[in-house]
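Just below is one structure, and these are the notes that go with it.
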Amino acid sequence: MSRRTTAERLRRAGQRVTQQRLLVADALVAAGRQVTAQDLYERLRRRDEGIGRATAFRALESLVAAGVARRMELEGHVYGYIACRPDHHHHLACQRCGRVQEIAESYVASVTRRVEGDLGFRIDDARLDFYGTCAACMAASA
Ligand SMILES: [Zn+2]
Ligand SMILES: [Zn+2]
């Protein structure tokens, strides 16, 4: 995800494009797994980006508002954040290593079609994520 794409997505969502927001988005992409806001802030500090905690947390929220980042619920009512592609998709979140894989809308299309057919409900948006153990963690524990 390039900075230009991130800036474009922020702009389209009516969010201001700031250096801090782009930095936070970069760090989130670099993390490549779900991280808590605190984790992310510590990563930024290690890179010596000179960004304050409150600023980093606010930047994260504006990235969520623009769909650049997504907030996922972890065990113990903690939130994890991940970077997200622009098109609609769902997630496979590994509860062991924290990696999050994106899966295409087509995997859940049959479920939404069935609900619409059976219940006469028109679905405009579906947020469906799957939590479990990734293939690498399964292999490691086998
Ligand atoms: Zn995503
Ligand atoms: Zn895993």
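The values are calculated or read from the model by the stated rules, or taken from the named source; none is laboratory data. None of these values were measured; they are calculated from a predicted model. Because the Cβ atoms are built from the backbone with ideal geometry, glycine has one as well, and the counts that use them run over all protein chains shown. With ligands, DNA and RNA removed, areas are computed over all heavy atoms of the protein, side chains included. Shrake-Rupley method; radii C 1.70, N 1.55, O 1.52, S 1.80 Å.
Some notes on this structure:
- The condition (being at pLDDT 90 or above, of a type in the set (Phe, Trp, Tyr) and either open to solvent by less than 30 Å² (accessible area, probe 1.4 Å) or more than 29 Å from Cys134 (Cα to Cα) (or both)) is satisfied by just one residue among Tyr107, Tyr81: Tyr81.
- Going through (1) at pLDDT below 90; (2) in a strand (DSSP E or B); (3) open to solvent by 80 Å² or more (accessible area, probe 1.4 Å) one by one, Arg71 falls short only on (1).
- Tabulated pairs, the stretch 125-142, first within 17 Å of Gly80 (Cα to Cα) and at pLDDT 95 or above, second among the hydroxyl-bearing types (Ser, Thr, Tyr) and more than 16 Å from ligand 1 (Cβ to nearest atom), C-beta under 9 angstrom, 6+ apart or interchain: Thr133/Ser141
- Screening Leu63 with (1) in contact with a helix residue (DSSP H, G or I) (Cβ under 9 Å, 6 or more places away or on another chain); (2) at pLDDT 95 or above; (3) open to solvent by 30 Å² or more (accessible area, probe 1.4 Å) gives one miss only, at (3).
- Listed conditions (1) in contact with a helix residue (DSSP H, G or I) (Cβ under 9 Å, 6 or more places away or on another chain); (2) of a type outside the set (A, V, I, L, M, F, W, C); (3) more than 16 Å from ligand 1 (Cβ to nearest atom); (4) over 17 Å from Leu28 (Cβ atoms) are all met by Arg58, apart from (4).
- Residue count for the stretch 99-124, restricted to those that are assigned to a loop (DSSP other than H, G, I, E, B) and in contact with a strand residue (DSSP E or B) (Cβ under 7 Å, 6 or more places away or on another chain): 1
- Only one of Gln101, Gln95 that is open to solvent by 100 Å² or more (accessible area, probe 1.4 Å), among the polar types (S, T, N, Q) and within 16 Å of ligand 1 (Cβ to nearest atom): Gln101
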